[in-house]
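A.B. asks: Structure incoming, see below.
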Amino acid sequence: TNTLENVVDDGAAFRDQFELGLETSFKAFKTWQTAAGDPRRHIVEPYANYYFYSEPSELPSDLYSFDETDALTELHGVRFGVRNKLQCKRGGRPFDLLDVDVYTRYRFEYPEDQEAMDRVFMDAELRPFDWLSIDVDGILDLEASTLEQFNTQVRLRPGERWRTSLEHRYADARSNLFNYDVTYLPNRDWAFNLFGRYEFEES
C-alpha cells in the first residue's frame, strides 16, 4: 500500500508498506423447520487468516498521529476463530437472524512485555425483527483475565417516523458510558433529534 501522509513545503511525503495475506475456512450447516413450518439453518464456519505487514517506510514515531493509518507498524501473525450464523427466510431469501464471530490472534512478532496470544474478540449481530437490531462486541484480556471492553447497542424503528437507540460502552478502568438517542422525522425535509450521555465512572 502507498499512503499519502502529509503535504510539506517541498512536496508530498509518501509512506509505503507491503501487505501479504492468506485466508482459509470451511462451513458446516444443518437445516430444520420450526413448529410453525418456518425454515431455519445453522451455519458453523471455522477459519484462519494469515497476515503480514512489513515495517512501513515511515515509523509512527516519525509522524504527527491523526488516525489509525498513522499508527500502522509491522504486524505478523494468524487470526483464527469460528463464526456461527442462525438463518431464516424473509421475502424468500436467506436472512441472518444471528451472526456471532469469536476469534483470537497469534502474533509471531510482539513486544517483550506482551504475550503472543493476548486477547479474545467477539462480535455479534442479532436481527430478530425488521424494527429491532442488537449489536454486541467485546474484548477479553487473557493476560489480566479481565473484560477489557464490552459494548452493546440496541436500535429500534417502531415506525417510519420514529427511530431510537440505546447504547452502553464499557472500557475497563476507563469508561462506563450510557447513550440514548431518539429521532422524529415528520417528513423528508425535517428531523428532530434528542440525545443524552451519562458517564457512570465520573457521574
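A.B. asks: Considering only protein heavy atoms, with the full assembly of protein chains and a 1.4 angstrom probe, order LEU126, LEU177 by accessible area, largest first.
C.D. replies: Ranked from most to least accessible, the order is LEU126, LEU177.
A.B. asks: Of ASP181, ASP189, ASP101, which is the most mobile in a GNM of the chain whose springs link Cα atoms less than 10 angstrom apart?
C.D. replies: Between ASP181, ASP189, ASP101, it is ASP189 that shows the largest mean-square fluctuation.
A.B. asks: Another question, if that's okay. Calculate what fraction, in whole %, of the accessible area of the chain sits on carbon and sulfur atoms when a 1.4 Å probe is rolled over the protein chains.
C.D. replies: Ligands and nucleic acids excluded, carbon and sulfur reach 54 percent.
A.B. asks: Classify the stretch 97-203: rounded, prolate or oblate, from the alpha-carbon gyration tensor (a ≥ b ≥ c, eigenvalue square roots; a/c under 1.5 rounded; otherwise prolate if a/b is larger than b/c)?
C.D. replies: It comes out prolate by the Cα gyration axes.
A.B. asks: 5 Å is the cut-off here: which amide hydrogens, built 1.01 Å from N in the peptide plane, fall below it relative to ASP172, excluding neighbours closer than 5 in sequence?
C.D. replies: GLN149
A.B. asks: Sticking with this structure for a sec: What is the sum of charges, Lys and Arg at +1 and Asp and Glu at -1, for the other residues whose Cβ falls under 14 Å from the Cβ of PHE178?
C.D. replies: Computed value for this residue: -3.
A.B. asks: Okay, next question. From the phi of every residue in the stretch 80-96, what ³J(HN,Hα) in whole Hz does the Karplus formula 6.51 cos²θ - 1.76 cosθ + 1.60 yield, where θ is phi - 60° and glycine or proline is x?
C.D. replies: After applying 6.51 cos²θ - 1.76 cosθ + 1.60, I find 9, x, 9, 10, 10, 10, 10, 10, 10, 10, 10, x, x, 10, x, 9, 7 Hz.
A.B. asks: Under 11 Å from the Cβ of ARG90, count the other residues' Cβ atoms, weight Lys and Arg +1, Asp and Glu -1, and hand me the total.
C.D. replies: Around ARG90, the surrounding residues sum to 0.
A.B. asks: Another one. Heads up, I need the accessible area for GLU201: 1.4 angstrom probe, whole protein in place, Å², nearest 10.
C.D. replies: Using a 1.4 Å probe on the heavy atoms, I get roughly 100 Å².
A.B. asks: May I pose another question? Enumerate the amide H contacts of LEU142 below 5 Å, restricted to partners 5 or more residues apart or on another chain; note that Pro and chain-start residues carry no placed amide H.
C.D. replies: Distant-sequence amide H within range of LEU142: ARG119, VAL120.
A.B. asks: Keeping all protein chains in place, calculate the accessible area per residue for the stretch 107-179 (probe 1.4 angstrom), answer in Å².
C.D. replies: Per-residue value: 64 Å².
The values are calculated or read from the model by the stated rules, or taken from the named source; none is laboratory data. Note that this is a predicted model, so its numbers are computed, not measured. Ideal geometry is used to build each Cβ from the backbone, glycine not excepted, and the neighbour counts take in all protein chains shown. Ligands, DNA and RNA are stripped out before the accessible areas are found, and what is left, the full protein with its side chains, is counted by its heavy atoms. Shrake-Rupley method; radii C 1.70, N 1.55, O 1.52, S 1.80 Å.
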